[in-house]
1. Can you spot a residue in the stretch A:61-76 that is assigned to a helix (DSSP H, G or I) and under 26 Å from B:I257 (Cβ atoms)?
2. Within the bounds of the stretch A:146-162, is there any residue that is on the phi > 0 side of the Ramachandran plot, assigned by TED's automatic domain parsing to the domain that holds A:G36 and not charged (D, E, K, R)?
3. Out of the stretch B:62-92, which residues are β-branched (V, I, T) and more than 12 Å from chain A (Cβ to nearest Cβ)?
4. Looking at the stretch A:56-96 only, could you name the residues that are more than 9 Å from chain B (Cβ to nearest Cβ) and on the phi > 0 side of the Ramachandran plot?
5. With respect to B:F74, is the statement that it is within 30 Å of A:F87 (Cα to Cα) and either modelled with pLDDT under 85 or surrounded by 16 or more Cβ atoms within 10 Å (Cβ to Cβ) (or both) true?
6. Please state which one of A:R107, A:R112, A:R68, A:R91 is crowded, with 18+ Cβ neighbours inside 10 Å and either in the same structural domain as A:I53 (by TED's automatic domain parsing) or touching a residue at least 60 places away in the same chain (Cβ under 8 Å) (or both).
7. Only residues that are in contact with a helix residue (DSSP H, G or I) (Cβ under 8 Å, 6 or more places away or on another chain), under 23 Å from A:A183 (Cα atoms) and within 14 Å of another protein chain (Cβ to nearest Cβ): list them for the stretch A:14-55, please.
Amino acid sequence: MSELVVETRSLAKYFAGLGQKPVTAVDGLNMHIERGSIYGFVGRNGAGKTTTIRMLAGLNAPTRGSARVLGLDPQHERIGILERTGFVIDRTMMPYMTGNDLVRFNRGFFARWSNEMAKRYADALEIPMDRKFKKLSHGNKTKLSLLLALAQNPELLVLDEPTAGLDPVVTDQLVRVLVEDFANDGRTILMSSHHLSEVERVADWVGIIDRGKLLLEARLDDIRANYRRVRAVGERLPERAAEIVTVSATEGVFDYVLSAGAEGFAASLRGQGATILDVTPMNLSEIFLQLVGKESHVPVEVLA
Amino acid sequence: MYLWKYWRESRIAFGVSMLCVVLLAWLVFKGVWHIDDPGHSGRPDQTTIAKMLMVSLYLQVPVSAFLAWVMGSFGVGRDLGEGSGSYLLTRPRRRRWFLWHDWGFGFLQLVWTIVLVNLLIGYLVHRLLGAGGNPLSGSIMLRDMASPVPVAEIIGLNCLIIVLFAGLIFGVTDFSTIAVKHARGVMLGAGIILGYLVLGALMHHYWPAIELPKLVMRAFQTSPVSNEPVSLAGQLGMSLAVRAAVMLLFPFAAQVILERSDI
């Protein structure tokens, strides 16, 4: 089994105000990220992605459950994690500092800091390093945040919605840097997003979170090769089986999402008198909609 | 490098305070050159000089309180409010490391300003006494003392009293910004101090037997406006130690809050 860089066990976080009912942000999350993978952590706004990342960074304490990052506990061994992990969470820094100031400010914190890398990324990403942070565009703020995380030369990069609000050119620049430069060295990326197309482009693992629960965690290749949608008409068809990810039934039509063995499953349904309407491969967006969007309207942005 | 960040944020307040010190120095030096003029009306007596030292202590109270209040707003609580808290606190240092660096550097700036002001006051007293030797030499006779008290000791005492008072205001403000997670915590800090003063006044009015400790330690038993000779209060060492402990209570309380709170 591959080494896990991030692992959570029944991780949960509730927020409670005075006299208010607790709000569940993360609810029993079991997440596994292998070394060297690019893990796309997808979910709708408010699904619990940012809270999970904040717990991994030691910024928020879990209400229950546990997490390990690089084998360390974020609550008690934060420093060890932060020395080896680049976190890009809120892209807000000291507003009066320029990019160059921020590079100078950061390098004192990290033993493996690389000035050469900072310079290279500043050039490659075309960041105006002599401009104050508050005067930078949203895209440049994001690029600068990424530059600072990359130049600390981390083993693990954790990015919360890195491309939110960016134009396609900037998105492409960031993705190239992440995939071609960083991940090619065998390092690990955890990237939260609700842009499924972008995750599908770069990730090799995907975790789908909704209402604080991890609904699916799988290799993207496995999803492409094995995940199928099977629609069948019949009566008293099975709703539980190892390969069933989700099932819904409307007016006698059963809609299955299967993680493997679709043809065999369809054959067994036929054996039970069902008529198979179709067996179709699924992409990430379809699986996401099937898992997350089945009970409510899903905004168009998730399909972007 | 982290201290440079605090410096970047506080340098205007510190610069203004240094300008005020320079202005005070100009006034002191402009004045002292005329002390020995033939047409001068003569030096004040020792009682007047002792009163001057008392007055100088009380004059420093509002100014140092304001400076400490402003400086207290530049801590890590401001970053939490400006949204850069999660960036700052994902640098590989303990949360208390940030807090104590802010507190230490801000406190150092306060101490530096207060010491400079009191050195100037000491020099003025030294010249008024007509003492020779180093700029703080000379001594003043106070009531109930067996021998004259050196100017350097009184200046040192005044300095300590103001440092402890300013440190308390600074600590309360820094604590409030962290508790509120916003620079707006300075208003809470001011509220705590004003609330304490109001509570003291109410207690004095309704329950005169109970007296809350004063925010500024009483070093002298007399007041600047009374005609009594100036005398020192008792148990100064114990008072200073207790006030130092109270002053340090707030950064420690802020540390507990910062280390236990979600960012």
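The values are calculated or read from the model by the stated rules, or taken from the named source; none is laboratory data. Keep in mind that what you see is a predicted model, and the values were worked out from it rather than measured. Heads up, the Cβs are rebuilt from the backbone with ideal geometry, glycines too, and the neighbour counts pull from every protein chain shown.
1. Kept after step one, since they are assigned to a helix (DSSP H, G or I), are these residues of the stretch A:61-76: none.
No.
2. Within the stretch A:146-162, the subset on the phi > 0 side of the Ramachandran plot is A:153, A:161.
The next check asks that each one be assigned by TED's automatic domain parsing to the domain that holds A:G36; those that pass are A:153, A:161.
Of the ones still in play, those that are also not charged (D, E, K, R) are A:153.
Yes - at least one qualifying residue is present in the stretch A:146-162.
3. So the first thing to find is which residues in the stretch B:62-92 are β-branched (V, I, T), and the list is B:63, B:70, B:76, B:90.
B:V63, B:V70, listed by residue number.
4. A:G65, A:L70, A:G71
5. On the way: within 30 Å of A:F87 (Cα to Cα): yes; either modelled with pLDDT under 85 or surrounded by 16 or more Cβ atoms within 10 Å (Cβ to Cβ) (or both): yes.
Criteria met by B:F74.
6. Details: A:R107 fails: crowded, with 18+ Cβ neighbours inside 10 Å; A:R112 fails: crowded, with 18+ Cβ neighbours inside 10 Å; A:R68 fails: crowded, with 18+ Cβ neighbours inside 10 Å.
Exactly one residue qualifies, and that residue is A:R91.
7. A:R54
One line per residue, one yes/no per condition, for (1) surrounded by fewer than 17 Cβ atoms within 10 Å (Cβ to Cβ); (2) farther than 30 Å from B:R8 by Cα; (3) in contact with a Gly (Cβ under 7 Å, 6 or more places away or on another chain):
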{"residue": "B:W97", "(1), (2), (3)": "yes, no, no"}
{"residue": "B:D102", "(1), (2), (3)": "no, no, yes"}
{"residue": "B:Q109", "(1), (2), (3)": "no, no, no"}
{"residue": "B:V117", "(1), (2), (3)": "no, no, no"}
{"residue": "B:L120", "(1), (2), (3)": "no, no, no"}
{"residue": "B:L129", "(1), (2), (3)": "no, yes, yes"}
{"residue": "B:N134", "(1), (2), (3)": "yes, yes, no"}
{"residue": "B:L142", "(1), (2), (3)": "no, yes, no"}
